[in-house]
1. Under 15 Å from the 7 Å Cα→Cβ point of E119, by amide nitrogen: which residues of region 144-166?
2. Kindly list the residues of region 44-80 that lie in the label zone of H36, defined by a backbone N under 12 Å from the point 7 Å along the Cα-to-C-beta vector.
3. Full-extension gain between E126 and K238, please, as 0.36 nm times their residue separation minus the C-alpha to C-alpha distance.
4. Subtracting the Cα-Cα distance from 0.36 nm times the residue separation, let me have the gained length for S57 to A152 in nm, one decimal.
5. Using DSSP, restrict attention to beta bridges with both residues in region 90-248 and report what percent are antiparallel, rounded to the nearest 5.
6. If you only keep lysine pairs separated by 8 or more in sequence, or across chains, how many in the chain come under 16 Å at the Cα atoms?
7. Which one, I67, L143, N237, is farthest towards the positive end of the dipole of the chain when Lys and Arg carry +1 and Asp and Glu -1 on their Cβ?
8. Classify the chain as rounded, prolate or oblate from the Cα gyration tensor: take a ≥ b ≥ c as the square roots of its eigenvalues, call it rounded if a/c is under 1.5, otherwise prolate when a/b beats b/c and oblate if not.
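Values quoted throughout were computed directly from the atomic coordinates according to the rules given, and no laboratory measurement underlies them. Being a predicted model, the structure only gives us computed values, none of them experimental. Every residue, glycine as well, gets a Cβ built from its backbone with ideal geometry; the counts of neighbours run over all protein chains shown.
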Amino acid sequence: MPDPRTDLDAASKNSQPVFHASDLTKTYQMGEVQVHALRGVDLDLYAGEFVVLLGASGSGKSTLLNILGGLDAPSSGSVYYRDHDLGVYDDSNMTRYRREHVGFVFQFYNLIPSLTAYENVALVTEIAEKPLSPDKALELVGLGDRMDHFPAQLSGGEQQRVAIARAIAKQPEVLLCDEPTGALDVSTGVLVLEVIEQVNRELGTTTIVITHNAAIAEMADRVIHLSNGQITTIQKNKTKKSPKDIVW
């Protein structure tokens, strides 16, 4: 299968971005204190690219990811998905947007303990328009032989891979990953990153991973550094490392 990220620079110059964010701000009221999570973020993200959002805790990474994924709304500014202004969506349209276009992977797996791996994935495929079958999604993440196991019978890395299978089973255009290796040891984290990289490469899914681990940035097409709610630099990797070649 051809790599969907081939000639990404040309694609980004000539195609509409998947996401276009302009002057995004987000302010939370914490008692009498205002917390400025985002302070005027401008960002374009393109089809098929692998992007790492890098920054310390409190830099605004998760807030930005949640706004892109329709889990939160900005205090001001705009964010477009293709030519759709997410700012005008009501709850029903936002739910449809998340269901049809976005897959989420979080640090904690959020699997239902009483359901098998297959059944956890099937929860998504039953409501998706054009899903992968649960067994196909689990095979993609290397768990074809574990689909009848319950979460308690799986290691942490296997549970995270079930969570990835669940996220990609609806074949989303965008995969948003919030510290997907944060609860894992190094060797298990590498396995999970290999799965995420494989999904990006083979399915062409625009993939955004947030992390505080600078080493993970070496596997990205672009690295977006955030600090104090602002983008400080955007770095393009001339060469990308595979997860197994990253030194943690």
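1. Inside the label zone: 147-154.
2. none
3. Working: separation 112, 0.36 × 112 = 40.32 nm, distance 4.06 nm.
Result for the pair: 36.3 nm of gain on full extension.
4. Working: separation 95, 0.36 × 95 = 34.20 nm, distance 2.98 nm.
Full-extension gain reported as 31.2 nm.
5. Working: 6 of 15 bridges.
Percent antiparallel among DSSP bridges in region 90-248 is about 40.
6. Pairs that pass both the separation and distance tests number 4.
7. N237
8. Details: a/c = 1.43, a/b = 1.32, b/c = 1.09.
Judged from the Cα gyration tensor, the chain comes out rounded (a/c under 1.5).
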